[in-house]
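Report on the structure given below.
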Amino acid sequence: MTMKAFPIAALLVSLGASVDAKVIGFSAVFTGDNLSELYTADAEICEDVDGGCNIPGFTVPETLRSPLAPFAGLSTGTRLPFRFDLDESSGVECAIGSYFECSGLEGVNEKLDSTGQLVGFEVFDFWGDYDVRVDLAGQSVDFFGAAGSFLPGGCTAEEGAEKGLPEGFCDFFGYEANFEIVADGAVAFAADDVAVVPLNASILFSLFGVTALAAARRVKKT
């Protein structure tokens, strides 16, 4: 699905003085999902490289839906409301329809342009369980959840069939979903009140789900 491009200024619509400057809301459509890694019974790993291990015709089944794979089985084109409260002083909150809510210890990384306007942000769990990246300029949302088995101890073909995985695979790790922000989605914020979050903590923890896990995989293979 391709959405017509629109200027970010048209998307960033103030909802009035009564709205908290840190509360942001918009609508976005689901464009697809995939699994980061697939495992065979022989402990071979198929890592996601531009298309979920390139399994023709495979879509993540609803049988894999879980708190960290919340959109599994969702139909492409489904429109959902997104809401983020980025005020760390009162605790970061987020909700994506009725499918996902932030919980636990969250961090925020906000991206501003040269004029101080918010053009993107990231909400992530300090434990590395999930990561939600919102690109307001690029009109996209990317979700990562640490679903499945990390460093599994082995699995069987029967288990893979029960989970709805492609033939030859019996377990998985990592769930990724993508959304595209729609033009009539409203975003509330006040540029003067947006503060830059220090990058050191954000970088260390937000990369856990990618860099650290990839490194652990390399250790396992050696």
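Listed by first and then second residue, the pairs with beta-carbon distance under 7 Å, at least 6 apart or on different chains, first residue in region 59-79 and over 12 Å from Phe179 (Cα atoms), second in a helix (DSSP H, G or I), are Thr63/Lys163; Leu64/Lys163; Ala72/Glu62; Ala72/Leu64; Gly73/Glu62.
Exactly one residue out of Ala183, Ala191 is open to solvent by 20 Å² or more (accessible area, probe 1.4 Å), at pLDDT below 95 and within 21 Å of the chain's Cα centre (by Cα), and it is Ala183. Residues in region 78-118 that are among the hydrophobic types (A, V, I, L, M, F, W, C) and either over 20 Å from Ser140 (Cα atoms) or crowded, with 18+ Cβ neighbours inside 10 Å (or both): Leu80, Phe82, Phe84, Leu86, Val92, Cys94, Ile96, Phe100, Cys102, Leu105, Val108, Leu118. Report yes if Phe126 is under 18 Å from Asn34 (Cα atoms) and open to solvent by 30 Å² or more (accessible area, probe 1.4 Å), otherwise no. The answer is no for Phe126.
The values are calculated or read from the model by the stated rules, or taken from the named source; none is laboratory data. Source: prediction; values computed, not measured. A quick note on method: Cβ atoms are made from the backbone with ideal geometry, for glycine too, and the neighbour counts reach across all protein chains shown. Just so you know, the surface numbers come from the protein's heavy atoms only, side chains and all, with ligands and any DNA or RNA stripped out. Shrake-Rupley method; radii C 1.70, N 1.55, O 1.52, S 1.80 Å.
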